[in-house]
Structure formats: structure tokens, C-alpha cells
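Structure first, commentary second.
The values are calculated or read from the model by the stated rules, or taken from the named source; none is laboratory data. Everything numeric here is computed off the predicted structure, so don't read it as measured data. Every residue, glycine among them, receives a Cβ derived from its backbone with ideal geometry; neighbour counts consider all protein chains shown.
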Amino acid sequence: MFKIAVFPGDGIGPEVVNEGVKLLKALDRELNLGLTFEEALIGGIAVDKYGVPLPKETLDIALSSDAVLLGAVGGPKWDNIEVSKRPEQALLALRKNLGVFANIRPVKSIKSLLSASPIKPEIVDGVDLIILRELTGGIYFGEPKYRDKEKAIDTLVYHRYEIERIADVAFKLSLSRRRKITSVDKANILESSRLWREVINEKAKEYPQVTVEHLYVDNCAMQLIRRPKDFDVVLTENMFGDILSDEAGAILGSLGMLPSASIGEKYALYEPIHGSAPDIAGKGIANPLATILTVALLLRYSLKREDLASTVESAVEEILKEGYHTPDLNIDGELVNTVRMGDLVVERVLKKLEGDKR
Ligand code: NAD
């Protein structure tokens, strides 16, 4: 048995998560993966019903799951409520409670969508990188935090064990890829970065088959735009990763296509990068592919089914190549809605599995 906690959230969250679950259920029917699903409220919808964005029942379901699939939270309705009740607080609390310290954001170019990128197609074509961001340490969580009228303090703390465990994830990831890690820091200025670099270099000795380079974050920000194809696994701390992952995502030019996975020692949380898109919520036109590609990551990292993950990813590529697209993707071909896009992927994945059997 493999239990998936399903948290659709707000706005387009339920619409896109529906398509992800549809795919998982179809795979389960076909291959007897032993999946079970339990759904709960998170975000603004939970505030409306229970007065808190992460109700205890929702957290308990997450803590008894093997993986969480989350849509998105937030929206204008909850923008002006007190900070502790903001839907976004649910995400921070959930990540913290699950101990998911490694945030994996793959950025892979898709030929038929090259025109969506703000960057020249010859630079983007062939990009296949992962931003691996440390998610539970660094300046977002360090103490003390302080603020008065004249002064504000945030504290950037990293412990050796935090760097070691994210480095382990990076090296293991790189073994199944092009065996190159770019570790990003600001070691010319920051003590925490000097510790970071020292630990990465020590860890590198355990993996002689992997090439490690170090880049300062400002240089990395530039190189990601100039030569994104040269990167394989980009390993970095929390705040640098927050910024670089958005930058790397923007290289592709379409928010509706970007998946993410956050992995810890025991739990895993899977969510598309985009938000709840209140401007298009309820219209049935949201692009479900970010969530479907997020399901591919769940298959890859939690169920260890690389074969199924690749099948889903190539089904998505094929469908786009044939021109099927939601309105956010400005390409030639047939315009489809959220549900139809989900159906197309399920049909194509099942067809591919059938072909594999023969
Ligand atoms: P957003 O990602 O929701 O939307 C930005 C733009 O991209 C919008 O025009 C939207 O229509 C479009 N878009 C996003 N996902 C799409 C999809 N799957 N298909 C088609 N178009 C898509 O970001 P925002 O507008 O800044 O934020 C809206 C709300 O979402 C806010 O309340 C914000 O706090 C929240 N948010 C939540 C998360 C999360 O839950 N992880 C992340 C970002 C923002």
C-alpha cells in the first residue's frame, strides 16, 4: 500500500490536482500499484471552514502518508487576514512538519514550447537541469529575528549536518544524470557559504565520478541565462535557491509547465510551482501539465518508477508536439481545456504502456 494525501487547495488547485489524481488512478488500475488516496482541505478553503489554513486533520493525514500531492493555496479573498491565518502559512508549516529539506525543481526544455521562452531558442533548446534547493535552513528560519523602528535583523545559520544531507541528495541525483554538480554560494563574503563549500568539497571525495564546480550566486544568476545547457544539478542554500529556481523556471517561459518535489528523510511533498491563479480559477482552462509532471516526479522519487515517470514525461512532450495546448501556451494547434488535456495524457500514457507490453 502506498498512501497519497491529496490537498487540492484554492483557485485552480482543485482543477489541476484532479487531473494529476486521474492519471495516478489510471496507472493504479492498469498496473496495481497499490495506491490509496485521502483528500483534505488546505489554504484559504480551510480558513473558511475551520478558521486555520492547516487544520490538524490535514496535517495528520500528511503525517500518515507516503507522499503528499498539493495544488496551490491563496487568493485575494484571504489577502488581508491576519498573518498567522494566511494560506501561505500552511505551506511553511506543512514543509516544516514533514521535514522536507530538499526541494527539487527540474527545468527541461520542450521543443514545441521554445517560442514561449524570452530567451533565444538556440540557447534554451536542450536545457535539462535541476535546481536543488535546501529548504529548511538558512536566513528564512535563523534566529534571532528582530525588528524595531530603526533596525531589522535576520540571521543566516547553517549546520554541517544540514549541508551534508542536502549534498548527499545532490550527489545521488547527479549519479542518475550527467554527473555534474554546480554548488552555488557566496563564499567570498559569507561564513555560512565558506562552511557550505568546505562540506561540499569533503562530500565530493566520496563521489569521485561526479564533477563539482563552485559558482558565486551572482555569477550563477548570469550564467543560467547565458548558457543554461551547461548545468546539470545546481545545488544551493535556501534563499539563493528560492531566487535561482524562479529564474531558471522563467527560462522556459510558462508557469503552467513547472513541477517540483520536496523530499525529506521520511516524507515527500509534490506540488506544481505555480500559484492558485485566481484570474482563471473556475473557468476550466488551467494548464494541468505542471501537476501531471509533478506526478511524474512522485513516480520517480517516491515510487521509484523511473520507467513510468519517463513515460508520463514523453507523453506530455508528444501531446504538445501534436499542438494540443491550453490557452496559456501560445502555440499552433488545437486549444483544449483542463479536463481534455488530462484525458489526452492518460490516453497517451496507457497507449504507451500497452505498446511496452507488446
Ligand atoms: P500564480 O502562479 O497563481 O499566477 C501567475 C499567472 O500565471 C496568472 O496570470 C495565472 O493565470 C498564470 N498561471 C499560473 N498557473 C497557471 C496554470 N497552471 N495554467 C495557466 N495559467 C497559469 O501567481 P500569483 O498570481 O502571483 O498568485 C496568485 C495566488 O497564488 C496568491 O494568493 C499567491 O500567494 C498564491 N501562490 C501560491 C503558491 C503555492 O501555493 N505554492 C505559489 C505562488 C503563489
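Data overview
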{"quantity": "Residue list for segment 48-76, restricted to those being without any contact (Cβ under 8 Å) to a residue 60 or more places away in the chain and within 12 Å of the ligand (Cβ to nearest atom)", "calculated": "Pro53"}
{"quantity": "Residue match in segment 205-223 (condition: away from the ligand (no atom under 16 Å from the Cβ) and under 18 Å from Phe101 (Cα atoms))", "calculated": "no"}
{"quantity": "Sole exception among (1) touching a strand residue (DSSP E or B) at 6+ places or on another chain (Cβ under 7 Å); (2) under 30 Å from Asp332 (Cα atoms) for Ser112, by number", "calculated": "(1)"}
{"quantity": "Residue in segment 321-343 that is farthest from Asp356 (Cα to Cα), counting only those that are away from the ligand (no atom under 16 Å from the Cβ) and of a type in the set (Gly, Ala, Ser)", "calculated": "Gly333"}
{"quantity": "Tally, over segment 280-320, of residues that are crowded, with 19+ Cβ neighbours inside 10 Å, away from the ligand (no atom under 14 Å from the Cβ) and more than 17 Å from the chain's Cα centre (by Cα)", "calculated": "4"}
{"quantity": "Count - residues of segment 25-40 that are hydrophobic (A, V, I, L, M, F, W, C), surrounded by fewer than 22 Cβ atoms within 10 Å (Cβ to Cβ) and not in a strand (DSSP E or B)", "calculated": "4"}
{"quantity": "Single residue of segment 125-156 satisfying the filter (assigned to a strand (DSSP E or B) and charged (D, E, K, R)) that is surrounded by the most Cβ atoms within 10 Å (Cβ to Cβ)", "calculated": "Arg133"}
{"quantity": "Pairs where the first residue, in segment 98-116, is free of Cβ contacts under 8 Å to residues at least 12 places away in the same chain and the second is aliphatic (A, V, I, L, M), C-beta under 8 Å, 6+ apart", "calculated": "Leu114/Val124"}
{"quantity": "Residue within segment 26-43 that is over 24 Å from Gly342 (Cβ atoms) and of a type outside the set (A, V, I, L, M) present", "calculated": "no"}
{"quantity": "Boolean, Gly13 is over 23 Å from Val346 (Cα atoms), in the same structural domain as Arg348 (by TED's automatic domain parsing) and within 13 Å of the ligand (Cβ to nearest atom)", "calculated": "no"}
{"quantity": "Selection within segment 65-124 - under 21 Å from the mean Cα position of the chain (by Cα), assigned to a loop (DSSP other than H, G, I, E, B) and polar (S, T, N, Q)", "calculated": "Ser65, Ser109, Ser117"}
{"quantity": "Odd one out for Glu271 among (1) over 21 Å from Asp66 (Cβ atoms); (2) within 14 Å of the ligand (Cβ to nearest atom)", "calculated": "(1)"}
{"quantity": "Sole exception among (1) more than 18 Å from Val73 (Cβ to Cβ); (2) in the same structural domain as Ala72 (by TED's automatic domain parsing) for Gly275, by number", "calculated": "(1)"}
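Per-residue answers, yes or no, for (1) surrounded by fewer than 16 Cβ atoms within 10 Å (Cβ to Cβ); (2) outside any helix (DSSP H, G or I); (3) touching a Cys at 6+ places or on another chain (Cβ under 8 Å); (4) in contact (Cβ under 8 Å) with a residue 40 or more places away in the chain:
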position: Glu198; (1), (2), (3), (4): yes, no, no, no
position: Leu215; (1), (2), (3), (4): no, yes, no, no
position: Asn219; (1), (2), (3), (4): yes, no, no, no
position: Leu224; (1), (2), (3), (4): no, no, no, no
